[in-house]
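Read-outs: derived from the displayed coordinates by stated rules, not from any lab. Note that this is a predicted model, so its numbers are computed, not measured. Note: ideal-geometry Cβ built from the backbone for every residue, glycine included; neighbour counts use all protein chains shown.
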Amino acid sequence: PKAKTSPLPISKLLTDGIFGPKTRTALKQSVAGLGSDKVEEGLALGRFHDFAKRTPNYGAKGLGRMTETAFGPLFRNPRKPVKHPAERLEATSLQESLNDLGGKSSGFKGWRPLRTDGNIGPKTQSAFGRVLTAAGPDRLTRIFGKNLGFL
């Protein structure tokens, strides 16, 4: 049977960093109702969102590593090296998301679209910081999730 795509009626959990019985039950219900793939996608987006919320304080230097670590295993075998940066779907989707928000929605003067080449270097990091400041972590995560095909 096909997994449900709507959220399950799970009571709000405390964000206390403890993986207790309520968290375990909520995880089991989510996997049973949505499927493990959707739960993994949601967890990866959650890690990205947390990174985006912390970025203004710490900078975006770990952006490439974070996106590859969180999303890469969802798209390819993590044991096989990436031969061409454009194979990093998570990186090209992030660059597309930054272009979507930076060019259209935020109205940056002089916005120069990023090349969607899969390289998360200084230009992508800088664009991430600019877009994050203008759009916020919630909106950026939502657009990124849509471009990845998760939402």
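Structure data summary
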| quantity | calculated |
| --- | --- |
| 16 Å cut-off, amide nitrogen to a point 7 angstrom out along Thr116 Cα→Cβ, residues in the stretch 129-151 | 143-151 |
| Ranked by how many other beta carbons lie within 10 Å on average, peptides 121-134, 90-103 from highest | 90-103, 121-134 |
| FRET E, pair Phe19, Asp138, Förster distance 22 Å, beta-carbon r, rounded to 0.05 | 0.35 |
| Zone residues, the stretch 129-151, relative to Asp37, backbone N less than 20 Å from point 7 Å out along Cα-to-Cβ | 144-151 |
| Fully extended contour minus Cα-Cα distance, from Asp50 to Arg65, at 0.36 nm per residue | 4.0 nm |
| Vicinal HN-Hα couplings computed from phi for the stretch 41-53 (Karplus, 6.51 cos²θ - 1.76 cosθ + 1.60; Hz; Gly/Pro x) | 4, x, 5, 5, 5, x, 5, 4, 4, 4, 4, 4, 5 |
